[in-house]
Amino acid sequence: MKLLFKQRLFSWLDRYDIFDEAGETVYTVKGKLAWGHCFKIYDTAGNELGTVKQRLFSWMPKFEMYLGEQYLGCISREFTFFRPRYNIECNGWQVEGDWLEWDYVVCDASGHTVATVSQELNWTDTYSITVENPADALSVLMLVLAIDAEKCSRDND
């Protein structure tokens, strides 16, 4: 399953549209006014599916993920010098990126690829996401939101 993650160009708060291969909107993401980053994910009918929320006052950036109201786990950036690496507490996945931080691979505990993520050159944050199992699409989207928010925060410091 392929997804295209695009930030809206003119938006007061962060807003993203996520499209499938046919160009149809699959999810809409709306940033909420809060301390730290907070994103709500909606389906096409406007039903809230999940939330990604930055945990404040942590040494390395951490983001909590919720499916509806249920806490799924946390993603945090590990301290590394060259290649970004993220630890995911909820499902044993690991995320590793290239040194430019444009491309990522999400792998499960046995090393199998769950998803690949590539950032595209554009006026806004745009990512191409390939998810091996469509059932993992929402979880992968949450990871991409958290990584993008962490990267944005770091670039603004």
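The values are calculated or read from the model by the stated rules, or taken from the named source; none is laboratory data. All values reported here derive from a predicted model rather than from experimental measurement. Positions of Cβ are generated from backbone atoms using ideal geometry, with glycine treated the same way; all protein chains shown enter the neighbour counts.
Here are the numbers for this structure:
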{"read-out": "Pairs with Cβ under 7 Å, 6+ apart, first in segment 79-95 and basic (Lys, Arg), second assigned to a loop (DSSP other than H, G, I, E, B) and modelled with pLDDT under 75", "value": "83/98; 83/99; 85/78"}
{"read-out": "Residue match in segment 118-133 (condition: under 24 Å from residue 49 (Cα atoms), modelled with pLDDT of 90 or more and in a helix (DSSP H, G or I))", "value": "no"}
{"read-out": "Residue among 41, 75 that alone is surrounded by 13 or more Cβ atoms within 10 Å (Cβ to Cβ), modelled with pLDDT under 90 and either touching a Leu at 6+ places or on another chain (Cβ under 7 Å) or not β-branched (Val, Ile, Thr) (or both)", "value": "75"}
{"read-out": "Segment 134-157, residues that are at pLDDT 85 or above and loosely packed, with under 13 Cβ neighbours inside 10 Å", "value": "134, 135"}
{"read-out": "Filtered residues of segment 47-66 (kept if surrounded by fewer than 16 Cβ atoms within 10 Å (Cβ to Cβ), of a type outside the set (S, T, N, Q) and at pLDDT below 95)", "value": "55, 56, 57, 59, 60"}
